[in-house]
Amino acid sequence: MLSVCPHDCPSACSLDVTVAGERLSSVVGNAAHPFTRGVICGKVRAYAERVHSSERVLRPLARVGPKGEGRFEPIAWDEAIARIAARWRRIIAEDGAEAILPFSYAGTMGRIQYYAGHPLFHALGASRLDRTICVSTAYAGWAATLGRITGNDSEQMVGADLIVLWGINAAYSSINVLTLVKQARAAGAHVVTVDPYRTPTAAIADEHLAVRPGTDAALALAVMHVLIAECRIDRDYIARATVGFDRLAEHVRAFSPEWAAPVVGIPADTIVAFARRYGGSPRSFMRVRIGLSRHDNGGMTCRTLACLPALTGAYADPHGGALLSSSDAFGLDDRIFERRDLLEGRRPRVINMIRLGRALTDETLAPPVRALYVYNSNPAAVCPNQTLVLRGLARDDLFTVVHEQVMTDTARYADLVLPATTSMEHVDVYRSYGHHYVQYAGPVLPPQGEARANFAVFGALARKLGVADGHYDKSERTLIEEYLATADDSARAITYERLVRERSVRPDLPRPYLPFANGAPTPSGKIELYSETLLRAGLSPLPVYVPLAEGPDNRELASRYPLQCIVPPNRFFLNSSFSQSQLLRRRQGRPTVLIAPADAANRGIQDGDAVRVWNDRGSARFHARVSDLTRAGLVVIEGIWWHRFHEGGAGVNVLTDDRVADMGGGPAFHSNLVDVERIIE
Ligand SMILES: Nc1nc2c(c(=O)[nH]1)N[C@H]1C(S)=C(S)[C@@H](COP(=O)(O)OP(=O)(O)OC[C@H]3O[C@@H](n4cnc5c(=O)[nH]c(N)nc54)[C@H](O)[C@@H]3O)O[C@H]1N2
Ligand SMILES: Nc1nc2c(c(=O)[nH]1)N[C@H]1C(S)=C(S)[C@@H](COP(=O)(O)OP(=O)(O)OC[C@H]3O[C@@H](n4cnc5c(=O)[nH]c(N)nc54)[C@H](O)[C@@H]3O)O[C@H]1N2
Ligand SMILES: [Mo]
């Protein structure tokens with residue numbers, strides 16, 4: 001039977017699943033799917049263990065012990081719904097609906113279950129959550145240059161002369177990109193990765209540019225300097241598709257490879273060689289991911305990178321260009337799920353999700369957050385400034401409901417835990433941010449225990465509270481039909497019948513897909529090398545490199561915390577999902593910090609030693625992996641372990657800050673200064 005991987009990953013793989021009796025017995029990649037091509041990650045191959053996990057929440061639970069301890073007793077669904085409705089009614093009467101805060105992200109990418117709560121919370125007038133934790137900063141930067149979140153189709157990289165994997169560890173986080181890269185390489189492409197440490201993706205590339213974190217814009221400016229100085233540019237394309245070239249050309253004269261070398265941490269002649277190779281052919285495909293945007297300067301960095309293919313005309317080449325995300329490649333309107341109309345003109349306050357800890361602990365906030373409803377997310381583990389998040393979640397006067405598949409760190413702080421179905425047990429429609437296929441998946445298993453889908457639970461709450469119930473009376477079929485009815489010309493071919501029959505349908509997009517061949521949907525209609533919009537927002541209208549607020553240029557802080565620390569994904573977890581799996585925890589090993597031999601030697605640390613990593617925000621325990629995969633001055637902590645499985649009980653995000661990056665309200669997860677010491681026991 002076919003299904004779809006629901007997780008927050010650009011691959012949105014088509015799955016071939018086998019069910020034996022009432023149990024999922026195997027999950028493999030759908031060999032017939034043109035993008036998945038039978039290849040899926042190790043996490044999802046182990047999906048049976050997730051669906052039938054001993055950590056599954058199977059009944060509604062009410063807390064009996066202190067918050068965080070995880071002692072609960074079962075209650076009936078009706079009782080749970082009645083308790084929530086009664087408590088919310090009281091809070092609304094006393095403090096208004098803004099005292100209720102929903103908290104969710106992309107635990108599932110399925111459109112129905114992702115947006116299930118929005119209509120209810122809008123109708124109540126609850127606080128709105130600004131869902132910034134992942135892509136907002138990158139997308140804001142990309143849009144500043146290109147106006148729209150799309151790019152050349154990743155399948156087009158096969159045939160490229162050069163592939164630049166910029167801030168993407170595809171071997172861990174989007175395995176299908178690697179399939180394409182390997183194919184392109186076999187056909188002659190030279191592959192360069194740009195990443196602060198030697199990831200498994202860098203290890204298979206022809207070349208690895210080990211940039212210092214947060215300095216990609218400096219590298220890109222120096223590349224532009226060389227391209228323009230040596231006339232390796234496409235003047236026709238620039239004239240037809242861009243604005244601001246003359247100002248950019250004047251501006252980048254100052255940013256020579258010699259200027260960039262000490263900033264970026266790679267030699268000037270390497271930068272020159274890279275620029276020449278990049279400018280040697282418009283057949284250069286840049287696959288950019290979010291890693292490089294998770295810094296104070298992340299929006300400007302993405303905006304700067306998006307300018308590069310415009311100089312060489314690569315955007316118009318059938319095998320060139322750039323892709324950050326394909327999420328707006330065609331029009332299907334999420335607003336039919338989100339139902340902003342139910343706000344009826346009200347404008348409840350907006351709370352940035354990366355500042356959850358502050359929202360829960362700020363005593364001046366009026367009204368205070370008195371009720372939190374968490375679904376599709378595990379904020380106790382994934383939010384920055386974890387110490388503050390946990391302090392907030394531990395508040396005795398906070399009424400917390402967590403709707404979950406598994407007993408996460410966050411669920412342990414709940415007053416009520418509600419059991420959620422997995423994608424194997426409910427219906428949804430999926431689109432991807434890495435490819436162009438729209439997919440449908442229905443249940444292959446009955447709901448486990450008393451689990452219910454998000455849409456059903458919000459429907460029960462809406463009926464009990466007497467708001468927005470009309471929306472929740474719709475069937476999944478009606479919702480999907482309404483969604484497909486919003487299609488633009490290219491997506492019109494996707495009908496409900498076709499989607500259910502074929503499971504995966506590609507909209508009628510041209511091949512090759514070249515959205516920026518002649519310009520871009522910005523205010524000027526062109527690719528904006530110079531941006532009036534950024535100028536009006538108080539930012540530089542031209543691409544610039546801004547040193548990190550928390551980086552080596554912050555001399556005072558760097559004297560106390562001499563190591564930069566980035567915190568990218570690991571191979572076997574997806575954010576904090578799959579940390580519940582004994583099998584995948586075993587494969588992953590243990591919470592680890594990668595440290596260069598020189599930094600380890602200075603601190604008397606040997607491979608495998610227990611170490612403490614700390615800064616002013618907090619301290620957590622890891623085991624050291626001493627290796628030249630990283631460079632002196634940079635430590636790397638991959639992945640997010642549940643606290644329960646983390647020695648010392650604190651996770652990686654005690655080290656990260658809730659500072660907001662330059663654009664889009666997103667976090668600076670990778671801009672951290674820390675120190676490391678051996679734990680002597
Ligand atoms: N296995 C696994 N897969 C995942 C996830 C996971 O947690 N685990 N998470 C999923 C989610 S939610 C997302 S958003 C996506 C993608 O999430 P991303 O965070 O974009 O992850 P990666 O594609 O691994 O790319 C991150 C890479 O960027 C690098 N990086 C960090 N700072 C810089 C910098 O300043 N410059 C440059 N050039 N590189 C930098 C990191 O070292 C890392 O190798 O992955 C999804 N897939
Ligand atoms: N240190 C560090 N922190 C990070 C990152 C990083 O790279 N490093 N990456 C950040 C990024 S990119 C992101 S996107 C965030 C992600 O943060 P989250 O969105 O919180 O992601 P997950 O940890 O995968 O947690 C999702 C939860 O949703 C639950 N879930 C799945 N499907 C359903 C459903 O249908 N219904 C309900 N009710 N629940 C469901 C899962 O069981 C899981 O516990 O984390 C961020 N945090
Ligand atoms: Mo993400």
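The values are calculated or read from the model by the stated rules, or taken from the named source; none is laboratory data. Keep in mind it's a predicted model, so treat the numbers as computed, not measured. Here Cβ is always computed from backbone atoms with ideal geometry, including for glycine, and neighbour counts include all displayed protein chains. For accessibility, only protein heavy atoms count, side chains too; no ligands or nucleic acids. Shrake-Rupley method; radii C 1.70, N 1.55, O 1.52, S 1.80 Å.
Tell me, in nm to one decimal, what length is gained between Ile679 and Asp206 on full extension, where the rule is 0.36 nm per residue of separation less the Cα-Cα distance?
My answer for the length gained is 166.4 nm.
Under 11 Å from the Cβ of Trp142, count the other residues' Cβ atoms, weight Lys and Arg +1, Asp and Glu -1, and hand me the total. Mind dumping the intermediate values first?
Working: positive: Arg148, Arg303; negative: Asp328.
Once all neighbours under 11 Å are counted, the net charge is +1.
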>> Given axes a ≥ b ≥ c from the Cα gyration tensor, I'd like to know whether the range 555-678 is rounded (a/c under 1.5), prolate (a/b larger than b/c) or oblate.
In response: oblate
>> Using Cα-Cα distances under 8 Å and only pairs 6 or more residues apart, what relative contact order does the range 555-678 have, in percent?
In response: 36 percent
> Can you give the percent of C-alpha pairs in the range 259-390 whose distance is more than 19 Å?
Replying inline: 72 percent
>> List the residues, sorted by chain then number, that are 5 or more residues from Asp609 or on another chain and whose placed amide H is less than 5 Å from its amide H.
In response: Ala624
> What is the list of residues in the range 36-72 whose amide nitrogen lies under 17 Å from a point 7 angstrom out from the Cα of Val19, following Cα to Cβ?
Replying inline: 47-53
> Given 0.36 nm per residue, what is the gain on full extension from Glu363 to Leu343 after removing their alpha carbon distance, in nm?
Replying inline: 4.5 nm
>> Just to verify a number: what accessible area does Met300 come out at with the full protein assembly present, 1.4 Å probe, Å² rounded to tens?
In response: 10 Å²
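Could you work out the helix-only [θ] at 222 nm for the chain, with each DSSP H run of four or more residues adding -39,500 (n - 2.57) and the total divided by the number of residues, to the nearest 500 deg cm²/dmol? All intermediate terms of the calculation are to be shown ahead of the outcome.
Details: 28 runs with 211 residues, N = 681.
Calculated at 222 nm, the ellipticity per residue is -8000 deg cm²/dmol.
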> Taking the C-alpha atoms of the chain, how large are the radius of gyration and the largest Cα-Cα span, Dmax, in Å?
Replying inline: 24.6, 72
> How far is helix 77-95 tilted off the main Cα axis of the chain, in degrees rounded to 10, range 0 to 90?
Replying inline: 70 degrees
> How much accessible surface area, in Å² rounded to 10, belongs to the heavy atoms of Met1 with a 1.4 Å probe?
Replying inline: 120 Å²
>> Please report the net charge: other residues with Cβ closer than 14 Å to the Cβ of Leu61, K and R +1, D and E -1.
In response: +1
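Using a 1.4 angstrom probe, figure out how much accessible area the range 2-51 has per residue, in square angstrom, rounded to the nearest whole. Show your work: numbers first, answer last.
Values: 1730 Å² over 50 residues.
With all protein chains present, the range 2-51 gives 35 Å² per residue.
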>> Once you keep just the Cα pairs under 8 angstrom separated by 6 or more residues, what percentage relative contact order results for the chain?
In response: 20 percent
>> Rounding to the nearest 10 and keeping the result within 0 to 90°, find how far the Cα-based axis of helix 175-186 lies from the longest principal axis of the chain.
In response: 20 degrees
> Along the range 344-354, what does the Karplus equation 6.51 cos²θ - 1.76 cosθ + 1.60 (θ = phi - 60°) give for ³J(HN,Hα), rounded to whole Hz, x for Gly and Pro?
Replying inline: 6, x, 6, 10, x, 4, 10, 10, 6, 4, 6
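Ser627 to Arg71: extension gain in nm, 0.36 nm per residue of separation minus the Cα-Cα distance? Let's see the in-between values first.
Numbers: separation 556, 0.36 × 556 = 200.16 nm, distance 4.12 nm.
So the extension gain works out to 196.0 nm.
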> Among the lysines, which fall within straight-line cross-link reach of Lys464, defined as a Cα-Cα distance under 18 Å, with same-chain neighbours fewer than 8 residues apart omitted?
Replying inline: Lys474
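With a probe of 1.4 Å, find how much accessible area the range 555-678 has per residue, and write the answer as a whole number in Å². Before the final figure, lay out each step's value.
Numbers: 4610 Å² over 124 residues.
With all protein chains present, the range 555-678 gives 37 Å² per residue.
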>> In whole percent, and with a 1.4 Å probe on the protein chains, what portion of the accessible area of the chain is carbon and sulfur?
In response: 49 percent
> In Å, what Rg and Dmax follow from the Cα atoms of the range 479-605?
Replying inline: 24.7, 65
> Angle between the Cα long axis of helix 268-279 and the longest principal axis of the chain, 0 to 90 degrees, nearest 10?
Replying inline: 80 degrees
> Which Cys residues of the chain have no other Cys Cβ less than 4.7 Å away and so no disulfide-compatible partner by this rule?
Replying inline: Cys9, Cys41, Cys134, Cys231, Cys302, Cys307, Cys383, Cys565
